[in-house]
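The values are calculated or read from the model by the stated rules, or taken from the named source; none is laboratory data. None of these values were measured; they are calculated from a predicted model. Here the Cβ is made from the backbone with ideal geometry for all residues, glycine too, and neighbour counts use every protein chain on show.
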Amino acid sequence: MPAYFAGTWTYKGDFNIGQPGTVIISRSGAVRLINESQMGHCENIAKVTSLASGGTRINIGSAAVDKSKSTSQFCGVLDPSFFTKSLPAGLQHNVGPSHGEGYYYERS
């Protein structure tokens, strides 16, 4: 796991509709995606499945709901996705082609 990705990241877009507001990536490859909304608190957990693009991209598998930490009945499994380095000091979370360039995060 490249050290660049490890840490806590916060969503920095103007509008956030259903995307995790916080992403925590551990050096061991565990990924926690946290979303706070009017519908409640959801936490999903995934694992890094592979590295790509010379270590500037991490792919993660499906993110299961962490029922022990989620309070909303509307939490659901998140599809596999990937994070890429976004210079100068951010991450881009790509969740699929219908989401354009993805979502930008900065280190918390």
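State which residue pairs qualify: first residue on the phi > 0 side of the Ramachandran plot and inside the range 23-48, second residue surrounded by fewer than 21 Cβ atoms within 10 Å (Cβ to Cβ) and of a type in the set (Lys, Arg) in any location, beta carbons under 6 Å apart, and separation of 6 or more residues or different chains.
Gly29/Lys47
State whether the residues of the range 60-70 include one that is surrounded by 13 or more Cβ atoms within 10 Å (Cβ to Cβ), closer than 14 Å to Arg32 by Cβ and touching a residue at least 60 places away in the same chain (Cβ under 8 Å).
No, the range 60-70 has no match at all.
How about the range 36-63: which of its residues are at pLDDT below 95 and touching a Pro at 6+ places or on another chain (Cβ under 6 Å)?
Gly55
So that you can scan it fast, the table gives a plain yes or no per residue for (1) at pLDDT 95 or above; (2) touching a Cys at 6+ places or on another chain (Cβ under 7 Å):
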| site | (1), (2) |
| --- | --- |
| Ile25 | yes, no |
| Val65 | yes, yes |
| Leu78 | no, no |
| Pro97 | no, no |
